[in-house]
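The values are calculated or read from the model by the stated rules, or taken from the named source; none is laboratory data. The model shown is predicted, which means the values in this text are computed figures rather than measured ones. Cβ sites come from the backbone with ideal geometry, for glycine too, and all protein chains shown count toward neighbours. Accessible surface areas use protein heavy atoms only, side chains included; no ligands, DNA or RNA. Shrake-Rupley method; radii C 1.70, N 1.55, O 1.52, S 1.80 Å.
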Amino acid sequence: MFGRKVYFFGGKGGVGKTTLSSAFSTILAKRGSRVLLVSTDPAHSLSDIFGVRIGSETREIDDGLWATEIDPREEIRAYVERALETIEGSVSPDVFDQIREIFHAVEHTPGVEEAAVIDTLSRKILGGLEEFDAFVVDTAPTGHALAMLKTVGRVGRWMEEVIERKLKAEAMKEVAGVEDRSTLALEVLRERRERFSKFSKLILSEKTLFVPVLNPEKLSILETERLVREVTGMGISITHVLVNKVLPEEVSGEFMERRKSQERDHINLIKEKFRKFQLVFIRLRPMDVRSVEDLKDLAKDLEGRLWS
Ligand SMILES: Nc1ncnc2c1ncn2[C@@H]1O[C@H](COP(=O)(O)OP(=O)(O)OP(=O)(O)O)[C@@H](O)[C@H]1O
Ligand SMILES: [Mg+2]
């Protein structure tokens with residue numbers, strides 16, 4: 001699982017994406033890589049786990065480890081602002097008002113959050129290729145992560161097309177001078193499209209790995225099966241599947257025995273459904289992972305399993 005440039009950790013809500021992506025990042029950093037851990041989860045869970053306020057600026061949180069949190073709503077606002085800035089002055093005030101209205105209307109449509117997140121993510125990753133050896137992305141639960149990844153393939157479509165069409169129409173009828181600014185705006189749009197195209201190539205290359213995280217529970221297994229199918233269908237590589245919160249061997253008592261027995265069935269199902277991948281089992285700990293110490297302890301365990 002080592003040696004890649006970009007890792008996306010994905011899976012159902014609450015399975016341990018933030019915990020394991022954080023633990024994995026500390027392993028890479030400890031092994032000498034410069035790592036940027038990116039969360040696309042508005043809950044600021046990285047700040048919680050590392051006990052420091054992270055936020056949208058990239059900051060160093062440990063030796064060799066940097067982190068940043070992307071807040072989707074915040075990104076939409078910034079995205080719309082950037083887009084509006086780009087075109088302001090290059091179209092007539094009337095058309096500008098129309099475009100602004102369209103933007104505010106689409107702000108709440110499905111897929112926009114993901115487009116905004118991927119816009120920022122692609123900037124951070126492509127802009128940091130020299131600075132960082134690896135990027136670890138803690139994605140939002142399944143649906144959002146999938147929508148986000150799919151967005152990469154079809155970005156350039158929603159806002160850009162609207163703007164581009166308007167600009168072209170304007171450029172044709174407007175007088176000299178305006179044309180230059182329209183051309184400039186179109187160039188900015190082109191830059192974005194080219195960036196997405198580069199980002200898409202990176203994601204589909206062998207430099208990127210998607211790492212599904214699941215728990216030995218029925219719903220988590222079924223959801224991960226769909227996730228794996230979709231992600232591999234998009235052409236993104238998966239080599240390992242992390243099975244988190246496995247009951248320890250030493251549990252006892254009738255109640256725990258029954259849970260353990262049910263879990264054995266689920267683990268058999270996991271072995272069957274994900275037989276093409278290397279399975280990595282991570283034990284359920286007695287307590288939540290809430291501090292850097294807990295995290296490093298878990299990371300030690302994980303590192304041993306990833307290397308064995
Ligand atoms: N192996 C483990 N043993 C014990 N607790 C764990 C383990 N892995 C994760 N947890 C705990 O489970 C909870 C959920 O983990 P985490 O926040 O990493 O999940 P997530 O998939 O990121 O959730 P969300 O979908 O809400 O972002 C946390 O309280 C975390 O400390
Ligand atoms: Mg999380």
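Kindly check whether there is at least one residue in segment 202-223 that is in contact with a helix residue (DSSP H, G or I) (Cβ under 8 Å, 6 or more places away or on another chain), of a type in the set (S, T, N, Q) and either surrounded by 14 or more Cβ atoms within 10 Å (Cβ to Cβ) or assigned to a helix (DSSP H, G or I) (or both).
yes
Cβ-Cβ under 6 Å, sequence separation 6+ or interchain: first residue in segment 33-52 and over 19 Å from residue 63 (Cβ atoms), partner crowded, with 18+ Cβ neighbours inside 10 Å and of a type in the set (A, V, I, L, M). Which pairs?
39/46; 40/70; 40/117; 40/140; 41/140
Quick check, is residue 80 open to solvent by 10 Å² or more (accessible area, probe 1.4 Å), farther than 21 Å from residue 134 by Cα and of a type in the set (Val, Ile, Thr)?
It is false that residue 80 is open to solvent by 10 Å² or more (accessible area, probe 1.4 Å), farther than 21 Å from residue 134 by Cα and of a type in the set (Val, Ile, Thr).
For the condition of a type in the set (Lys, Arg) and at pLDDT below 95, what is the one hit in 207, 218, 245, 201?
Result of the check over 207, 218, 245, 201: 201.
Tell me which of these residue 67 doesn't satisfy, since it passes every other one: (1) within 26 Å of residue 302 (Cα to Cα); (2) open to solvent by 10 Å² or more (accessible area, probe 1.4 Å); (3) away from ligand 1 (no atom under 12 Å from the Cβ).
Residue 67 satisfies all of (1) within 26 Å of residue 302 (Cα to Cα); (2) open to solvent by 10 Å² or more (accessible area, probe 1.4 Å); (3) away from ligand 1 (no atom under 12 Å from the Cβ) except (2).
Between residues in segment 282-296 that are free of Cβ contacts under 8 Å to residues at least 12 places away in the same chain and residues that are open to solvent by 70 Å² or more (accessible area, probe 1.4 Å) and within 16 Å of ligand 2 (Cβ to nearest atom), which pairs lie under 8 Å by C-beta distance while being six or more apart or on different chains?
294/288
Please go through segment 266-308 and pick out each residue that is open to solvent by less than 30 Å² (accessible area, probe 1.4 Å), β-branched (Val, Ile, Thr) and away from ligand 2 (no atom under 16 Å from the Cβ).
Across segment 266-308, the qualifying residues are 267, 270, 280.
Inspect all residues belonging to segment 168-181 and state whether any of them is at pLDDT 65 or above, open to solvent by less than 30 Å² (accessible area, probe 1.4 Å) and either within 23 Å of residue 20 (Cβ to Cβ) or not acidic (Asp, Glu) (or both).
No, the conditions are met nowhere in segment 168-181.
Would it be correct to say that residue 186 is on the phi < 0 side of the Ramachandran plot, assigned to a helix (DSSP H, G or I), at pLDDT 65 or above and not polar (S, T, N, Q)?
Yes; evaluated as a whole, the condition is true for this residue.
Could you please tell me which pairs satisfy a Cβ distance under 6 Å, a separation of 6+ or placement on different chains, a first residue in segment 11-29 that is closer than 11 Å to residue 299 by Cα, and a second residue that is of a type in the set (Asp, Glu) and within 12 Å of ligand 1 (Cβ to nearest atom)?
21/138
Testing residue 143 on (1) within 16 Å of ligand 1 (Cβ to nearest atom); (2) modelled with pLDDT of 80 or more, one condition comes back false. Which one is that?
All conditions are met except number (2).
Here's a check for you: in segment 16-48, which residue that is β-branched (Val, Ile, Thr) and within 9 Å of ligand 2 (Cβ to nearest atom) is nearest to residue 244 (Cα to Cα)?
19
Tell me, please, whether a residue that is more than 27 Å from residue 5 (Cα to Cα), in a helix (DSSP H, G or I) and not β-branched (Val, Ile, Thr) can be found in segment 247-254.
yes
Which of (1) within 12 Å of ligand 1 (Cβ to nearest atom); (2) buried (at least 23 other Cβ atoms within 10 Å of the Cβ); (3) at pLDDT 90 or above does residue 46 not meet, given it meets every other one?
Status for residue 46: all satisfied but (3).
Taking segment 1-39, which residues are more than 10 Å from ligand 1 (Cβ to nearest atom), more than 20 Å from residue 206 (Cβ to Cβ) and buried (at least 19 other Cβ atoms within 10 Å of the Cβ)?
Answer for segment 1-39, where residues must be more than 10 Å from ligand 1 (Cβ to nearest atom), more than 20 Å from residue 206 (Cβ to Cβ) and buried (at least 19 other Cβ atoms within 10 Å of the Cβ): 25, 26, 27, 29, 37, 38.
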